[in-house]
1. Residue check, GLY127 against (1) open to solvent by 60 Å² or more (accessible area, probe 1.4 Å); (2) without any contact (Cβ under 8 Å) to a residue 12 or more places away in the chain, all met but one. Which one?
2. Only residues that are open to solvent by 80 Å² or more (accessible area, probe 1.4 Å) and free of Cβ contacts under 8 Å to residues at least 40 places away in the same chain: list them for the range 182-202, please.
3. Would you confirm whether any residue within the range 81-96 is of a type in the set (A, V, I, L, M) and on the phi > 0 side of the Ramachandran plot?
4. Of the residues that make up the range 85-103, is at least one free of Cβ contacts under 8 Å to residues at least 40 places away in the same chain and under 13 Å from the mean Cα position of the chain (by Cα)?
5. Look through the range 88-105, keep the residues that are exposed (fewer than 13 other Cβ atoms within 10 Å of the Cβ) and not in a strand (DSSP E or B), and return whichever of them is modelled with the highest pLDDT.
6. When the range 64-87 is examined, which residues are found to be open to solvent by less than 30 Å² (accessible area, probe 1.4 Å) and assigned to a strand (DSSP E or B)?
7. Of all the residues that make up the range 41-63, how many are open to solvent by less than 10 Å² (accessible area, probe 1.4 Å) and over 15 Å from the mean Cα position of the chain (by Cα)?
8. What pairs come up if the first residue lies in the range 45-64 and is at positive phi, the second is open to solvent by 60 Å² or more (accessible area, probe 1.4 Å), and their beta carbons are under 7 Å apart, counting only those six or more places apart or on different chains?
Amino acid sequence: MQSFKRYCLFVILALLLPGCANEKKESSTKITFEPYTMSEQESLLISKTGVGYIEFFKLNGTLGKDDDLEFSVEVYENGKFKEELLKTWGAVDEKYKDSIISFGMSDYQGEDDSSKSFKLISGIPSGLATTSYPNDVTAYSFSKLVGEKITLKKNEPVYLAAWVGTTKNSLRSIGSENGELPAGIDEYENALLYKVLWTDKK
């Protein structure tokens, strides 16, 4: 009877230990984002770069050795997910102290005068990524989607900023409380959402 109790205790411990190990592993990562407000001088400098719209955020925390941060821009058309642009991963740092990231865009004319595009700009901890996106809209809005410090949760995307556009004459601005996917996204013809995701290292 005594040996049977010992056996049961051993089985229970064997089942509990992996769970504790996973919990410890996951808790080693803590990453926060918060909006960064530019000074008047910084805003003046940005205005000289040709970047029409940009939002900055501060990144702080520690990333576990088996974890990664993914940055991307999700594209939606009429509320349907279409593709991801500027997807980057492979964090080069494990610790972040007031690291600045950003999402911005500027207009530019193609070789053909009739072709217009936006230049999308993603400023990540390891550098800068850019791409173009067709621009045939007549009205658009650009805004940040977080108003205060937020803490990432594993495998739960956070949307930091958004651009929405329409070929009609008007549209309402887009917003969310804590970086969740904005409600009513199906009301917009085009939407670009700047996303960050804490995930496993690939």
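The values are calculated or read from the model by the stated rules, or taken from the named source; none is laboratory data. None of these values were measured; they are calculated from a predicted model. Please note: Cβ atoms are built from the backbone with ideal geometry, for glycine as well, and neighbour counts cover all protein chains shown. The protein model used for the area step is the full one, side chains on, heavy atoms only, and it has no ligands, DNA or RNA in it. Shrake-Rupley method; radii C 1.70, N 1.55, O 1.52, S 1.80 Å.
1. (1)
2. Of the residues in the range 182-202, the ones open to solvent by 80 Å² or more (accessible area, probe 1.4 Å) are 183, 186-187, 201-202.
Once the filter is applied, which keeps residues that are open to solvent by 80 Å² or more (accessible area, probe 1.4 Å) and free of Cβ contacts under 8 Å to residues at least 40 places away in the same chain, the range 182-202 yields only ALA183.
3. Kept after step one, since they are of a type in the set (A, V, I, L, M), are these residues of the range 81-96: 85-86, 91-92.
With the extra rule that they be on the phi > 0 side of the Ramachandran plot, the set shrinks to 86.
The answer is yes; a qualifying residue exists.
4. Within the range 85-103, one or more residues are free of Cβ contacts under 8 Å to residues at least 40 places away in the same chain and under 13 Å from the mean Cα position of the chain (by Cα).
5. GLY90
6. We begin by selecting, within the range 64-87, every residue open to solvent by less than 30 Å² (accessible area, probe 1.4 Å); these are 64, 67-76, 79, 85-86.
If the condition is that a residue be open to solvent by less than 30 Å² (accessible area, probe 1.4 Å) and assigned to a strand (DSSP E or B), then ASP67, ASP68, LEU69, GLU70, PHE71, SER72, VAL73, GLU74, VAL75, TYR76, LEU85, LEU86 are the ones that fit.
7. So the first thing to find is which residues in the range 41-63 are open to solvent by less than 10 Å² (accessible area, probe 1.4 Å), and the list is 57, 59, 63.
Then keep just the ones that are over 15 Å from the mean Cα position of the chain (by Cα); that gives 63.
Looking only at that region, the number is 1.
8. GLY61/LYS30
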